[in-house]
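Q: Structure below; questions to follow.
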Amino acid sequence: MEPLTRDGLSPLKPLADALSSAVPEHPADDGLFGPRSVVWRLHRDRSFPVAAIRSLMLQALHPLTMAGVAQHSDWRRDPLGRLAATSGYVLTVTYGARADAEAAARRVRAVHRHVRGVDDVTGLPYSADDPALLLWVHAAMVDSVVCVADRYGRRLEPGDADRYVAEMVPFAVIVGIPEDLVPGSVRELTDYLSSVGLLQATPAARDAIGFVLDPPDLDPDMRETWRDLGQVAIGTLPEWARSLYGFPVPPTEALERVTVRQLVGVLDLSFESLPGVLEARQRIELRMRA
Amino acid sequence: MSGAVPRSRAARAAALARLVLRIGGRYAARSPQLIFASVDRRRELRHDLALRSAEEVAEELGAMKGALMKLGQMASYIDEGVPEEFRATMARLQRDAPPMSAGLAAAVVAEELGDTPEGAFGRWDPLPFAAASIGQVHRAITRDGRAVAVKVQYPGIGESIEADVRNVALLRRIARMAFPGLETSALVDELRDRLREEVDYALEAEHQQLFADYYEGHPVIHVPRVVPELSTRRVLTSELVPGSRFEDVLGWDQRERDLAAETIHRFVFRGLYRLHAFNGDPHPGNYLFHGRGRVTFLDFGLTKRFTANDLAPLEDAARYIAVERDGAGFRAALERAGFLQPGAPVATELVVDHLGAFYNTVLRDGPLTITPEYASALVRRFFDTRSPIAPYSNIPRAYVVLQRISLGLYGVLGSLRATGNWRRIAEEIWPFTNGPPSTPIGEAEARWRALRGEAPLGRSA
C-alpha cells in the first residue's frame, strides 16, 4: 500500500511533515485568503499531486527558470526534500497566519537573490528575482490547479476559476511580483500564458522532468502508480507544451475522470495514513466549517 | 463466585450446566426504552466532521477508498504477512471514517422508506451509535414499540464501489502490495463479488434472517431478527441488542472467556457444516457478549453460502486428517478442492505437515489452549511463500472467504486465550462423526436441536 522505496521509507514522509507543519493549530489570523476562499478549497483537493506534476512540467519549459533550478538547486540529491520544501511553502502561504506567510516569502526572496547566472542554451543571463520569471512560475501553477481541479477534483462552480485566479494575486505579490503584472482572471491568465516567448524543452528540462515522471528507487508496484499519474499530468498539458516535450498523447481511458480519481485515491490514502496528515486536514476542514 | 474450595472437574461441569440451564428467559421482556437507552455509543464518532452531502461522501469514501476499506478488513484479521504500513493505512481508514450528518442520514432514510426517520420510526436517534464499513447505525424504536438498530448506507457509495471493482488492474496492484507473495487474482475476484453483495443490504437482510431463523431459540447463539418492512437496499433495520463488547470480555474471568469462545467456535462450525453458510466477518466488533457463553452475532454483509459440492472435499479433508488419519486421502481431498495441484512433486508427509496445520485444534481429544502465538503461527504458515509446497498450493476462489474466516476465527479465539476440547465440539457438529454432546453448552444445544425437530446430523442417521 505504502509507496515504499527500497530502503523501506515512505517517500511521501517529507511531504506529510511539510503539510502538518504548514497548517497551524492555533493560527493568529486567517492568513492571506481565509477559510471561505476558493484557494483553501482547491489547495486541499486530492488531485493536487497531478496539478503539482503538471505545474513542474510547464514551469520547466522556460529555459531561464529551468537554468536557475539546474544550476543552483540540489534537487537531484534530495528530490523529495526539494518537492516538500516547495509544497510546504505553498501550504504555509495558503493556510498559515499572515505573519507566517510573509516570513516564508521573505525566506524565498532571500534565497532567490543569490540565484543568478547565464543559461547555457539561450546564452541569456537570468536572475531568480526577475518578476518575469516569477510570474511564469506563478501562472503555470495557477493554471495547473484550475485545470486539474476542474477535471479531476471536486468540480468547480461557475465563477470559481476566476475567483481563484483573482484570489491568488497576493500569492504572487509576496514573492516580489508587482501587482499590476499578475493576471486577475482566467482570461488574463490565458492571454499571459500565450504571450510568453522563449519556451522550449531544454536538455535540463527533459532531464528534470524525466526524473519527476519516474523517480528512481520506488518499489515496483508504486512505480506503476506513479507512472500512471505522470501520464495523467501529460494528458492535461496544453497541446503546445506536450509537443515541446515530444510526449505522445496518453490513451483516453487513462484520462477518464473515474479512473484518475481512483488512482489519486490510492495515492492519497497512503499519504493520509502518514502521521499528522489527517489531523492537518481536519484542522483545515474544521476552520472551513466554522 | 471464585470459591476457595477447589472443585472437581465433574462438579465444575455440573455448575456450568446449571448456568447454561438458567439461560431460558435470556432476553426476557426488557422495555424497548431500556434497551434503547442501554446501547451506548461504541466510540466517539467525529460528528464535527460529519459528511453533509453525497459529494462529500464521494470525496471521503469514493475513488477506491471503499474497496480498500474492505481489503483492509481482510488484512485486519491477519497479524503476519501484511506490511505494517498497509495495516496502519487500513486501520486508520476504518477508524476515522467520518459519520453522515443527521440530515444526510435522514435523507437516505426518506429516499428508501418514503418518510422521514421520525415518521418511519416512532423514535429516532439522529446521532449514529456505531460506524459500519459503508454506513452507520442508528438507534430507533418502531411505531409498534420494538427497539431496533437501523443501518443506513452512505449515499452514492454503491455506485462508487461498483466503479472501483471494475478497475481490476488497480485492485490487483493494491492486493499485491497488501498481500505480498499471495496469488491475488482469486482474492481480487472474490473481493469484487463480496463488495457487490455488501452494498446490497437487502441481500444482507436475507442472510441475517437465514441465520436468525436457523438459530431461533438456540441457548447461547443469538442473531438479531430483521424487520423486513423497514429494510431496503440501503437501510437495514433489525432488533437492537445490548451487550458487552469484545474489549470488555478480555477483562472477564477465563471461564467466561472460554464459554464465549466455545460459542463462537460452535457458530462457525455449525454454520459451515449444517447451514452451509459462513458469516465472513469474524471481526471482534461483530460480537456482543452476554455472559455464560451467550453471544449475539452481528453484521452479515459478508456471508458466503456453499453448495454441497463446495463442501464435500472439505468434509473429506477434515475426515481423512482428523478421524481416519489417512494422509493420502487428505492429500487427494485437497487436490479435489483445488488447494493443491494434483501430482505436485512433494511428499505426502510434507502436505500433511504443512496444510494439516490448519486442523491442529481438532486433531487430538483433550483440552487445548489457543493463544495469540498459536494464531500468528498459523497465519505465518499460511503466508509462508518459501514452504516447499507453496509453489503448488493455492486458495480456490470458492474458499477465499472461508480461509479468511478461519484465520480470523483463530485470531479471535487466540485473543481470548480460550481453552476447550475443540475436537469433541467438532465431533458433535461434523456430519461424519455425529458425536454426543461434550459440554454443558453442547447438552443445551442438543435439547434445542431436539425441540426444533432437527434430525441428528451425520451419515449414519
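Q: Once the dipole of the stretch A:163-290 is set up with Lys and Arg at +1 and Asp and Glu at -1 on Cβ about the Cα centre, which of A:LEU269, A:ALA290, A:PRO216 lies farthest towards its positive end?
A: A:ALA290
Q: Mind giving me the FRET efficiency for A:ARG223 and B:ALA328? R0 is 41 Å, r the Cβ-Cβ distance, nearest 0.05 is fine. Provide the component values of the computation, followed by the final result.
A: Working: r = 46 Å, r/R0 = 1.12.
About 0.35, to the nearest 0.05.
Q: Per-residue HN-Hα couplings for the stretch A:154-171, Karplus 6.51 cos²θ - 1.76 cosθ + 1.60 at θ = phi - 60°, whole Hz, x for Gly and Pro?
A: 5, 4, 7, 7, x, x, 4, 4, 4, 4, 4, 4, 5, 4, 7, 3, x, 4
Q: What distance in nm separates the two pseudo spin-label positions at B:ASP115 and A:ARG98, each 7 Å out from Cα along the beta-carbon direction?
A: 5.6 nm
Q: How many angstrom separate the Cα center of the stretch A:202-248 from the Cα center of the stretch A:133-165?
A: Each part's Cα centre sits 20 Å from the other's.
Q: Can you work out the Karplus-derived ³J(HN,Hα) for every residue in the stretch B:328-333? Use 6.51 cos²θ - 1.76 cosθ + 1.60 with θ = phi - 60°, whole Hz, and x for glycine or proline.
A: With coefficients 6.51, -1.76 and 1.60, one gets 5, x, 4, 4, 4, 5 Hz.
Q: Could I ask something else about it? Averaged across A:148-155, how many Cβ atoms of other chains sit within 10 Å of each residue's Cβ atom? Please list the in-between numbers first.
A: Values: counts 0, 0, 0, 0, 1, 1, 4, 1.
Counting other chains' Cβ atoms within 10 Å and averaging over A:148-155 gives 1.
Q: Still on this structure, please answer the following. I'd like the mean, over residues of B:356-363, of how many other protein chain beta carbons sit within 10 Å of each residue's own Cβ. Present the calculation step by step, with values, prior to reporting the outcome.
A: On the way: counts 0, 0, 0, 0, 0, 0, 0, 0.
Whole-number average of other-chain Cβ neighbours for B:356-363 is 0.
Q: Search the structure for amide H atoms under 5 Å from the amide H of B:LEU51, placed 1.01 Å from N in the peptide plane, and list their residues when 5 or more places away or on another chain.
A: Amide H neighbours of B:LEU51, under 5 Å, 5+ apart: B:MET100, B:SER101.
Q: Identify which of A:ALA103, A:ALA204, A:ALA60 has the largest mean-square fluctuation in a Gaussian network model of chain A, with springs joining Cα atoms closer than 10 Å.
A: Looking only at A:ALA103, A:ALA204, A:ALA60, the largest GNM fluctuation is found for A:ALA103.
Q: Taking θ = phi - 60°, what integer Hz values does the Karplus form 6.51 cos²θ - 1.76 cosθ + 1.60 yield along the stretch B:248-255, in sequence order, with x for Gly and Pro?
A: 5, 4, 4, x, 6, 6, 4, 5
Q: Over what distance in Å are the Cα centres of the stretch A:20-94 and the stretch B:251-305 separated?
A: Value for the Cα centre distance between the two parts: 51 Å.
Q: Long-range amide H contacts for B:VAL148: which residues qualify at under 5 Å (H placed 1.01 Å from N, peptide plane, sequence gap of 5 or more or a different chain)?
A: Result for B:VAL148 returns B:ALA140, B:ILE141, B:THR142, B:LEU240.
Q: Label A:VAL121 and A:ASP180 with points 7 Å out from Cα along Cα→Cβ: what is the distance between them in nm?
A: With each label placed 7 Å out from Cα toward Cβ, I get 3.2 nm.
Q: Mind giving me the FRET efficiency for B:ARG305 and A:VAL249? R0 is 45 Å, r the Cβ-Cβ distance, nearest 0.05 is fine.
A: Working: r = 48 Å, r/R0 = 1.06.
The pair B:ARG305/A:VAL249 has a calculated efficiency of 0.40.
Q: For a quick check: with amide H placed at 1.01 Å from N, whose amide H comes under 5 Å from B:THR303's, ignoring anything fewer than 5 positions away on the same chain?
A: When sequence neighbours closer than 5 places are left aside, the close amide H contacts are B:GLY280.
Q: Of the trypsin sites (Lys or Arg not before Pro) in the stretch B:110-154, which ones lie in a loop per DSSP and count no more than 12 other C-beta atoms within 10 Å?
A: On the way: sites: B:ARG123, B:ARG139, B:ARG143, B:ARG146, B:LYS151; in loops: B:ARG143, B:ARG146.
Sites meeting the loop and neighbour criteria: B:ARG143.
Q: Summarise the partner chain shielding of A:269-278 as one whole number: the mean count of Cβ atoms from other chains within 10 Å of each residue's Cβ. The partial results should precede the final answer.
A: Numbers: counts 11, 6, 1, 5, 10, 4, 1, 0, 1, 3.
Mean number of neighbouring Cβ atoms from other chains: 4.
Q: Highest first, please rank the peptides B:52-59, B:321-328, B:201-208, A:178-185 by the mean number of other Cβ atoms sitting within 10 Å of their residues. Mind showing how you got there, number by number?
A: Working: B:52-59: 18.1, B:321-328: 16.2, B:201-208: 20.2, A:178-185: 14.5.
Put in order of decreasing packing, that is B:201-208, B:52-59, B:321-328, A:178-185.
Bear in mind these aren't lab numbers, they're just calculated from the coordinates by the rules spelled out. This one's a predicted model, so the numbers in the text were calculated from it and none came from an experiment. For neighbour counting, all protein chains shown are included, and Cβ atoms are generated from backbone atoms with ideal geometry for every residue, glycine included.
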